[in-house]
Structures are given as C-alpha cells and as structure tokens.
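Every number in this text was worked out from the coordinates using simple rules, so none of it is lab data. None of the values given here were measured: they were computed from a predicted structure. Cβ coordinates were reconstructed from backbone atoms using ideal geometry, including for glycine residues, and neighbour counts include every protein chain displayed.
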C-alpha cells in the first residue's frame, strides 16, 4: 500500500480488482491513473504525473466474458478451476462485485481518468472494458486534448 500526492491510500485487491484502501475519500479527486497491473506504478509519479494509481486487472482474456447476472460466479469458478485453489473461488466471488463498484465510482469521483495500457491481449481487453464503462457512464473521454510537444517527445527518446 502507498500514499500518493493527493493523500489517498491505494491498495491492490486480492483478485486484481480495482480497490482503494480505507483512506480513499469519496470527494471528487483531481485525477485517477488506471492500469491493469502494478508494473508501472511508480512511473507516473517519477514522471511528474499527479493523481491516484488504481489497478483494474480482471483477466478478461483467460476467462468467460459475460454480462449476465451470474457473471461473478462464472468468473470466480473459472479462476478457481484454473488455479486449482479452493480459496480462490470465495475470494474472487467477494472481490469481483467490489472491484466493479469501485470502477463505477471512478466515473463520478475523479475529474480526469488516465488509462495506461499496452498492445497485448490482456491490456487491450481491459481497455475495451474500461472504454465501454466510461461510454455507458456518459463520461467525456477527451474534452481538452493537446498535441504532444517536441520537448515531450525528446524526453521519450532519452529513455530505454
């Protein structure tokens, strides 16, 4: 668990769900950075980006994708079978609805949401889910886009 510059404590959920620790404030936050893993968690901070880092890592690419009322049950059962762990089923059955609820809160609680994804199947399916979520929430995705500057491009050229 870590505390970011807005004072919110962010903690990954047991099943990779979007989860925010008890220090989370329901008041409108300036920005959320959403990623499907912890691999770049420190990078936005090091790059000067401000906001909460949230993880939404439901493995859509390895399990059933469904929107039925039994979707949490199907995903939990699938993951428990794949991992051959009897404790996974109950943990996932509890964490899936909670992670989904927190995802819904990001549309209302944050002024801006930044989604960090790569080209692989896992990331792309999470991206599709996130974009569908924000479209259903009628969230304007890019109200004030600005072109990348030459100085910003030069920064990338110096990176490995």
remark   = Nearest-0.05 FRET efficiency for residue 66 and residue 107 at R0 = 25 Å, using Cβ-Cβ distance, is 0.70
ask   = How would you rank 95, 69, going from fewest to most other Cβ atoms within 10 Å of each one's own Cβ?
value = 69, 95
query = Quick one: if you stick a label point 7 Å off each Cα along the C-beta vector at residue 137 and residue 46, how many nm between them?
reply = 2.8 nm
key: Computed lengthening from residue 150 to residue 121, 0.36 nm per intervening residue step minus Cα-Cα distance   = 7.4 nm
ask   = What ranking of 101, 146 emerges when the number of other C-beta atoms within 10 Å of each C-beta is taken as an exposure proxy, fewest first?
value = 146, 101
